């Protein structure tokens, strides 16, 4: 049985209406939260369980749409919470009640553990992109010597970046693989230069090779960003665990040079359901390798094995990934699907990036990997103010 949370919204209007009738603030908040609606898509469910669920849903005031081996269950969060107590439900639906309870959104994580401590997520965090590659899809060749690297870092920090994400191998479509010695020669001098000039700055190394991750962490990086979530090199997970590094696990499929292709863009059902299921497996693998839950951030993998319309659907369903319980990073900056939507070339997609990030924040994301932190920062400030007004 697989349960996928669907997108929802906070009922600020209900809270404000209760306040207008003299209700106390905390009571209003709790009541409005209970009236907030949620929906779950359940697949692989037996027909006998579906039949047994019908009177239970009716009794609790829940709505159901059913198929041969699936249901969509929706209703007020308080009613769903009442159902998600398997010990009080009929035996025939207890497994479903337990699964719904496990899928209901937990409290939002407030920090991300990494090799140098913890990064607060109370406010949105911008991860500034620093590519030390000649062939990156967006900004290749712009930071290939130490002076250029430091100028780029200064610009990212001035724009509001809280983390510098440093990569030495491109994931652009059909980009050739980068030999280990070449990637090391690109990444390590940059890490050491940043640590020397900006010792307090958090560095994330964007790599799929455990040797590069090891060397970068030894040199002062605190986070590993693996676009294959350990699929390419499972030893990378062990390196991150031993260093107590933060790690970003991205959803992707296929080999590194084909990640951005459409080779594996077919999903069994909706794309959000497929992404959340595969990310859940990736996280379980990372946990088994010794990485702490508090060190894990999940990335839905915009642009990787997804057609433009699938990326848009996934953008709307970011809340489903958030419901897995780990902080969520959005890496949509200047991606091809934004160009498809806007008709803009690579160098003119920062406004679209900012919009995608703001929409993702409204759906629960807290970290945003971008080329232009300054423009995105302003969009996130507005989205964050709106989000906080609803709490």
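The values are calculated or read from the model by the stated rules, or taken from the named source; none is laboratory data. Treat the numbers as computed from the prediction; the structure is a model and nothing was measured. Reconstructed Cβ throughout: ideal geometry from the backbone, glycine too, with neighbour counts over all protein chains shown.
Across segment 235-276, the number of residues qualifying as at pLDDT 95 or above, over 17 Å from the mean Cα position of the chain (by Cα) and in a loop (DSSP other than H, G, I, E, B) comes to 2.
A quick yes/no check of all residues on (1) outside the structural domain of residue 157 (by TED's automatic domain parsing); (2) under 21 Å from residue 321 (Cα atoms); (3) part of a loop (DSSP other than H, G, I, E, B); (4) more than 18 Å from the chain's Cα centre (by Cα):
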| position | (1), (2), (3), (4) |
| --- | --- |
| 344 | no, no, yes, yes |
| 347 | no, no, no, yes |
| 354 | no, yes, no, no |
| 359 | no, yes, no, no |
| 364 | no, yes, yes, no |
| 368 | no, yes, no, no |
| 376 | no, no, no, no |
| 381 | no, no, no, yes |
| 384 | no, yes, no, no |
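Could you list, in sequence order, the residues of segment 120-144 that are within 20 Å of residue 345 (Cβ to Cβ) and modelled with pLDDT under 90? Scanning segment 120-144 gives 133, 134, 135, 136, 137, 138, 139, 140, 141, 142.
Scanning segment 277-323 for residues that are in contact with a helix residue (DSSP H, G or I) (Cβ under 9 Å, 6 or more places away or on another chain), surrounded by fewer than 19 Cβ atoms within 10 Å (Cβ to Cβ) and outside any loop (DSSP other than H, G, I, E, B) yields a count of 9. Would you mind stating whether residue 103 is at pLDDT below 90 and either touching a strand residue (DSSP E or B) at 6+ places or on another chain (Cβ under 8 Å) or closer than 24 Å to residue 356 by Cα (or both)? For residue 103, the condition - at pLDDT below 90 and either touching a strand residue (DSSP E or B) at 6+ places or on another chain (Cβ under 8 Å) or closer than 24 Å to residue 356 by Cα (or both) - is met.
Residues in segment 258-269: is at least one touching a strand residue (DSSP E or B) at 6+ places or on another chain (Cβ under 7 Å) and surrounded by fewer than 24 Cβ atoms within 10 Å (Cβ to Cβ)?
Within segment 258-269, the first condition is being touching a strand residue (DSSP E or B) at 6+ places or on another chain (Cβ under 7 Å), and the residues that meet it are 269.
Pick out the ones that are also surrounded by fewer than 24 Cβ atoms within 10 Å (Cβ to Cβ) and you get 269.
Yes: one or more hits.
Of the residues contained in segment 195-209, none is found to be crowded, with 24+ Cβ neighbours inside 10 Å, modelled with pLDDT of 95 or more and farther than 30 Å from residue 145 by Cβ. Can you name every residue in segment 41-60 that is farther than 30 Å from residue 19 by Cα and either surrounded by 13 or more Cβ atoms within 10 Å (Cβ to Cβ) or in the same structural domain as residue 277 (by TED's automatic domain parsing) (or both)? Selection gives 41, 42, 43, 45, 46, 49, 50, 52, 53, 54, 56, 57. When each of 94, 113 is tested for being over 30 Å from residue 19 (Cα atoms), assigned to a strand (DSSP E or B) and touching a helix residue (DSSP H, G or I) at 6+ places or on another chain (Cβ under 6 Å), the lone residue that passes is 113. For segment 82-93, a tally of residues being buried (at least 16 other Cβ atoms within 10 Å of the Cβ) and either under 26 Å from the mean Cα position of the chain (by Cα) or over 14 Å from residue 57 (Cβ atoms) (or both) returns 2. Assess whether residue 326 counts as being under 30 Å from residue 101 (Cβ atoms) and in a helix (DSSP H, G or I). Taking the combined requirement at face value, the residue does not satisfy it.
Checking the stated criteria, residue 364 turns out to be touching a residue at least 12 places away in the same chain (Cβ under 8 Å) and on the phi > 0 side of the Ramachandran plot.
Is there a residue being modelled with pLDDT under 90 and within 22 Å of residue 218 (Cα to Cα) anywhere in segment 145-157? Yes, because at least one residue in segment 145-157 is modelled with pLDDT under 90 and within 22 Å of residue 218 (Cα to Cα). Name every residue in segment 61-73 that is surrounded by 14 or more Cβ atoms within 10 Å (Cβ to Cβ), free of Cβ contacts under 8 Å to residues at least 40 places away in the same chain, in contact with a strand residue (DSSP E or B) (Cβ under 7 Å, 6 or more places away or on another chain) and not in a loop (DSSP other than H, G, I, E, B), in order of residue number. Those that are surrounded by 14 or more Cβ atoms within 10 Å (Cβ to Cβ), free of Cβ contacts under 8 Å to residues at least 40 places away in the same chain, in contact with a strand residue (DSSP E or B) (Cβ under 7 Å, 6 or more places away or on another chain) and not in a loop (DSSP other than H, G, I, E, B): 64, 70, 71, 73. Looking at segment 329-342, which of its residues are over 14 Å from the mean Cα position of the chain (by Cα) and in a loop (DSSP other than H, G, I, E, B)? Passing the criteria: 334, 335.
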